[in-house]
Amino acid sequence: MYQGLQHLHSYLAYAVLLGLVISFVSALLGLFGGKQYTNADRKRSLLGLIPTHLQWVFGLILYFVSPLGMESASGEAMKNSVSRLYFLEHPLMMVLAVILITVGYSRAKRQIGTNQGFKSIAIFYGLGLVLILSRIPWNAWPGN
Ligand code: HEM
Ligand code: HEM
């Protein structure tokens with residue numbers, strides 16, 4: 001169970017990053033190209049949203065089964081930057097990123113037919129992406 005989830009979470013991270021980058025870049029092109037955000041663009045934004053939502057559900061379960069998750073939380077672990085990343089910073093920042101990305105998707109959905117939809121995706125997905133990149137355990141991923 002633990003190993004399977006760990007691998008899933010590790011592989012799905014590629015889809016999350018790729019989906020978010022594609023959505024973000026298309027949003028920038030639409031925004032600066034002065035185009036209208038259409039239903040087809042909304043579907044493209046799902047490329048970023050769906051892997052991110054899946055990842056957060058798997059990440060949450062992983063948090064309770066991984067020895068690096070809740071189990072390792074302690075005052076001692078707080079003093080170690082690697083264990084603090086896994087039990088505190090990574091989960092917290094990722095949840096924040098997921099919320100931002102969902103708010104962006106949700107706002108843009110209500111802005112179909114305007115250029116503003118692209119702005120919502122660009123800002124919220126962009127911020128989410130930065131938070132995610134800032135707290136990926138780069139020492140362990142993509143593997144060595
Ligand atoms: C949504 C964006 C997220 C991304 C892109 C992401 C990405 C990653 C990556 C790349 C790793 C390292 C995997 C490896 O060692 O090969 C990892 C580990 C981990 N993540 Fe996430 N994660 C996300 C969300 C979450 C959330 C929301 C939680 C918990 C609430 C979480 C909990 C964990 C835990 C506990 C580990 C350590 C697993 C272990 O090696 O035992 N992640 N994550
Ligand atoms: C298996 C996991 C999940 C998948 C595949 C998934 C997929 C999706 C999809 C496709 C949408 C877009 C729906 C639309 O077009 O309106 C969406 C929206 C959303 N999801 Fe998830 N989701 C998952 C888990 C979750 C969980 C666990 C939560 C919250 C606890 C959540 C909260 C939301 C919210 C708040 C929206 C925004 C609705 C909106 O305003 O459009 N999702 N999700």
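Residues of the stretch 51-99 being farther than 13 Å from residue 6 by Cα, within 16 Å of ligand 2 (Cβ to nearest atom) and either acidic (Asp, Glu) or surrounded by 18 or more Cβ atoms within 10 Å (Cβ to Cβ) (or both), which ones?
Result: 51, 52, 91, 94, 97, 98.
Within the stretch 2-19, can one find any residue that is free of Cβ contacts under 8 Å to residues at least 60 places away in the same chain, out of contact with any helix residue (DSSP H, G or I) (no Cβ under 7 Å at 6 or more places or on another chain), closer than 21 Å to residue 106 by Cβ and surrounded by fewer than 16 Cβ atoms within 10 Å (Cβ to Cβ)?
No, that holds for no residue.
Quickly run through the stretch 20-42 and pick out the residues that are among the polar types (S, T, N, Q) and loosely packed, with under 14 Cβ neighbours inside 10 Å.
Selection gives 38, 39.
Taking the criterion of being away from ligand 2 (no atom under 11 Å from the Cβ), closer than 27 Å to residue 23 by Cβ and either polar (S, T, N, Q) or loosely packed, with under 13 Cβ neighbours inside 10 Å (or both), would at least one residue in the stretch 119-127 satisfy it?
Yes; the residues of the stretch 119-127 include at least one that is away from ligand 2 (no atom under 11 Å from the Cβ), closer than 27 Å to residue 23 by Cβ and either polar (S, T, N, Q) or loosely packed, with under 13 Cβ neighbours inside 10 Å (or both).
In the stretch 1-48, which residues are away from ligand 1 (no atom under 15 Å from the Cβ) and outside any helix (DSSP H, G or I)?
Within the stretch 1-48, 33, 34, 35, 36, 37, 38 qualify.
Quick check on the stretch 102-110. Is at least one of its residues over 18 Å from residue 15 (Cα atoms), more than 16 Å from the chain's Cα centre (by Cα) and surrounded by 16 or more Cβ atoms within 10 Å (Cβ to Cβ)?
yes
Quick grid of which residues meet (1) in contact with a His (Cβ under 9 Å, 6 or more places away or on another chain); (2) among the hydroxyl-bearing types (Ser, Thr, Tyr):
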{"site": "38", "(1), (2)": "no, yes"}
{"site": "50", "(1), (2)": "no, no"}
{"site": "109", "(1), (2)": "no, no"}
{"site": "136", "(1), (2)": "yes, no"}
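Which one of these is of a type outside the set (Asp, Glu) and in contact (Cβ under 8 Å) with a residue 60 or more places away in the chain: 92, 129, 96, 88?
The unique qualifying residue is 129.
Every number here is computed from the coordinates shown, using simple stated rules; none is lab data. What you see is a predicted model, and the numbers here were worked out from it, not measured in a lab. Every residue, glycine among them, receives a Cβ derived from its backbone with ideal geometry; neighbour counts consider all protein chains shown.
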